[in-house]
1. Within region 6-31, count every residue that is modelled with pLDDT under 95, in contact with a helix residue (DSSP H, G or I) (Cβ under 7 Å, 6 or more places away or on another chain) and surrounded by 18 or more Cβ atoms within 10 Å (Cβ to Cβ).
2. Got a sec? Which of 257, 200 is outside the structural domain of residue 133 (by TED's automatic domain parsing) and at pLDDT 85 or above?
3. Tell me, yes or no, whether region 89-99 has at least one residue that is under 30 Å from residue 234 (Cβ atoms), within 20 Å of the chain's Cα centre (by Cα) and either in the same structural domain as residue 37 (by TED's automatic domain parsing) or in contact (Cβ under 8 Å) with a residue 40 or more places away in the chain (or both).
4. Return the residue satisfying two criteria in turn: it lies in region 56-73 and is in contact (Cβ under 8 Å) with a residue 40 or more places away in the chain and either in contact with a helix residue (DSSP H, G or I) (Cβ under 8 Å, 6 or more places away or on another chain) or not in a loop (DSSP other than H, G, I, E, B) (or both), and of such residues it is farthest from residue 217 (Cα to Cα).
5. Among the residues of region 205-212, are any modelled with pLDDT of 90 or more, surrounded by fewer than 22 Cβ atoms within 10 Å (Cβ to Cβ) and out of contact with any strand residue (DSSP E or B) (no Cβ under 8 Å at 6 or more places or on another chain)?
């Protein structure tokens, strides 16, 4: 399934301008698309429109060619999983119990989850390296551990498309790298991944394509190597960008002399 936003616009009640204005994106299977831009540029609103949490004032959101508005919640949840930026935990769920929530769209509501669903949840935790946390309560996990468990919940949902809002917020470099590698493994298996971020280096490492937003509008889109140039980032964020030698946890990563953020994995994919 591919995900497409077709000229979507949305304005919050009482606002004098649209939070998202005429944005069109196309996410294909087996690729990752990063949406990058400053605070308030419309990234989270765009992702909320993509997952159906908000309804566009104009334009359409398509899942595999079908209008999102024509799908029921259960059918939509079988096609797309969503990792919101902020999540409040009010129950003392274990990591395994939390990840099993991803099985809800597939479970008969009159019978509850079975052993196969538990096996799916355990496999998802294993894929993100958190199998040892199965019995720990989610409220006891560190920010990085919790983010990986939240990603495991999306994996357990077994959807073709995963949408993540600021997945590396509050993560240290090691956990950011673990998350980036987990996303690349998903993409290699044919999943489609859409995520928002402020981190140009993370976007360059994890994404095949980048969409840059400012003031609710799409100002540039293209391959990650082509989009993440210093001049384009300067236009989006309104501050100068340059190059420097800095330590990085990404294998083979570098900030190249021409102002692009590069890394070995993307260059292996013929982008750098």
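The values are calculated or read from the model by the stated rules, or taken from the named source; none is laboratory data. Quick caveat, the model's predicted, so the values are computed rather than measured. FYI the Cβ positions are ideal-geometry reconstructions off the backbone, even for glycines, and counts take in every protein chain you see.
1. Matching residues across region 6-31 total 0.
2. Unique residue meeting the criteria: 200.
3. No, because not a single residue in region 89-99 is under 30 Å from residue 234 (Cβ atoms), within 20 Å of the chain's Cα centre (by Cα) and either in the same structural domain as residue 37 (by TED's automatic domain parsing) or in contact (Cβ under 8 Å) with a residue 40 or more places away in the chain (or both).
4. 63
5. no
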